[in-house]
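These notes are about the structure you will find just below.
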Amino acid sequence: MIIIMKQFKIIVFIILSLFFFNKIIKAEIHFKNTDFELEIIRINGKEKGPTLLVFGGIHGDEEGGYSSAEVLAKTIMYKGNLIIVPRVNYAGIMHYRREIYGDMNRKFTDKEYPNDPDHKVMVMLKELISEADIFINQHDAFGFHRKKYISKSYNPFRYGQSLIVDTGKIFSKKLNKELNIDSIGNRIINNVNAEIKNSKHHFCFWNQNSISTNTKFKDMQKSATYYAVTRYSIPAFGLETSKNLPSSKLKIKYQLLVIKKIMEEFGLEYKLKTDRFDKPSLYWIEFIKNSKDIIRVNSNTNIRLNINDTIKANKIHSNYGMGLSFDILNWKNSNDFNNEYSFTQERTAFIRKNHIFIGKVRFKKFKKDSIRKIFIEVNNKTTSIPNWGVLKIKSNDIFKILNCDNKTKYYFDIRGYNNRKGDSKIAISSKDLLKKYSFKREGNIYFVKIYNKSILIGGFQIEISSK
């Protein structure tokens, strides 16, 4: 009875933990699989506190912002809330361009422009600002801002390594108090610089006073921070790391350092799990061919097709779940993920994580010696899959690779099954496959290569289900 009660308590704890986890972290995806995809991540703390809104990538060539925003999305909040938009300007990020349909940081005005391609995104961004108590707009810029002229790279006209505001004082209705933004900003930067050993990388606080009628920065009156301050009286910061820093790693580190000090200044309590942006890796791309066949290929693979065959990128398997795009060059959009392509001519498609190229595939015509079908016997019944297809079996199934296109000249090599003479026409079960050679050593997916003599000409995956 005591054992049963203990097990019951454990089950209840797990259910409550899952409920709490789902409650505090929510991810919304709007305009999915388009050039305007917008991911919004909400992380709520256990205790009530201010809500910090963070925009990353409003300019598509400023990687310090959108890369660090993704890392920030792994934060655990104890007090207060985070709303993070890692990729505001998705099309710009994919092409690593500041803007595609005009400068998004000059579209925060009361006037609506329904014909602007960015309009639906701008409506959502403005709504998010209305929810926030504090706002940060992340950027990268050239040089290093300094109060006095030192050199071409270090002077008052450079924006890099600065924390920019639009005014020195505001009354925050949401925080219900008068805020001296000049004092707050300088205090934040002093705390930041105390943790940066290289003085050449120090930040400067910069009040541009753009709310003044005689400001030198009139153009900033269309920016996101200006909109936040003037419409909702919330403290808003433009965070700029330098494009001249020696590495992306440093940009991300400094972006996160400033954000942490802003959070601490306003009483948010948190735990940042990491300050590292892992290098993106492509495992494979999954396609649906002719609305029925599953094909999975690695980078630099030729997918052979007949004229008018249809193919659609169904899933990108990577060490990242978001910010992935599939672009068939000189076809429809910048992101052709889940768009069905009818094969009429040979084309190349690029796969990217944000702006980072992680792979490509080519759609090409069949050649005379191309593999069309792979014949496999499963539990004494013959089935077929296309080249680069997927053999789905259960853990207790017995399978036997027969041939390709009813020809016997091919050599099959199952990674994880040790037979030097080739792995065809041998009855094999999942128990015969070595788990350490499976994908991520999980024992679910194994890779098969097909050779004609010593030339790799095809392959497929074995996917094992326990059900």
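Whole-percent P(r), the stretch 153-260, all Cα pairs, 5 Å bins from 0: 2, 12, 21, 23, 19, 13, 7, 2, 0. Here's the list of aspartates and glutamates a cross-link from LYS169 could span, going by alpha-carbon distance under 18 Å and ignoring same-chain residues fewer than 8 apart: ASP133, GLU178, ASP182, GLU265. By the Kirkwood approach, averaging reciprocal distances over each pair of separate Cα atoms, the stretch 373-465 gets a hydrodynamic radius of 13.1 Å. Each residue of the stretch 80-88 was assigned a 3J(HN,Hα) from its phi angle through the Karplus curve 6.51 cos²θ - 1.76 cosθ + 1.60 (θ = phi - 60°); the sequence is x, 9, 10, 10, 10, 10, x, 10, 5 Hz, with glycine and proline shown as x. Of all aspartates and glutamates in the structure, those lying under 12 Å Cα to Cα from LYS46, and not within fewer than 8 positions of it along the same chain, are GLU269.
Length available on full extension from ASN290 to ASN207: 0.36 nm per residue minus the Cα-Cα distance, which gives 24.0 nm. When the charge dipole of the chain is built from unit charges on Cβ atoms (+1 for Lys and Arg, -1 for Asp and Glu) and taken about the Cα centre, the candidate among ILE259, TRP388, LEU282 whose Cα reaches farthest toward its positive end is TRP388.
The alpha carbon centroids of the stretch 140-175 and the stretch 292-330 are separated by 44 Å. Annotation for the stretch 311-404: GluC sites (Glu not before Pro) lying in DSSP loop with at most 11 further Cβ atoms inside 10 Å of their Cβ are GLU346. The stretch 214-238 and the stretch 389-467 have their alpha-carbon centroids 60 Å apart. Among the listed pairs LYS279/LYS436; LYS279/LYS315; LYS107/LYS173; LYS79/LYS126; LYS147/LYS260; LYS353/LYS453, give every one whose C-alpha distance is greater than 31 Å. Over 31 Å apart, Cα to Cα: LYS353/LYS453.
Provide the packing ranking of 326-333, 150-157, 199-206, i.e. peptides ordered by the mean count of other C-beta atoms within 10 Å per residue, highest first.
Result, highest mean first: 199-206, 326-333, 150-157.
Take the Cβ atoms of ARG362 and ARG98, set R0 to 25 Å, and the FRET efficiency comes out at 0.25.
Backbone amide hydrogens, once placed in the peptide plane, bring ARG158 within less than 5 Å of ARG146, excluding anything fewer than 5 places away on its chain. Note on the chain: Cα-Cα pairs beyond 28 Å make up 60% of the total pair count.
Per residue of the chain, what 222 nm ellipticity follows from adding -39500 (n - 2.57) for every DSSP H run with n ≥ 4, rounded to the nearest 500? One gets -6500 deg cm²/dmol as the mean residue ellipticity at 222 nm.
Taking a straight Cα-Cα cut-off under 14 Å and skipping sequence neighbours fewer than 8 places away in the same chain, the aspartates and glutamates within cross-link reach of LYS425 are GLU377, ASP413. Could you tell me which of the pairs LYS120/LYS392; LYS74/LYS174; LYS148/LYS253; LYS249/LYS365; LYS332/LYS400 are separated by over 31 angstrom between their Cα atoms in the structure shown? Those over the limit are LYS120/LYS392; LYS249/LYS365; LYS332/LYS400.
Each peptide in 405-413, 255-263 receives the mean, over its residues, of other Cβ atoms within 10 Å, and ordering these scores from highest gives 255-263, 405-413.
Read the figures in this text as sums done on the coordinates, not as results from a lab. A quick note: this is a predicted structure, and the numbers were derived from the prediction, not measured. A quick note on method: Cβ atoms are made from the backbone with ideal geometry, for glycine too, and the neighbour counts reach across all protein chains shown.
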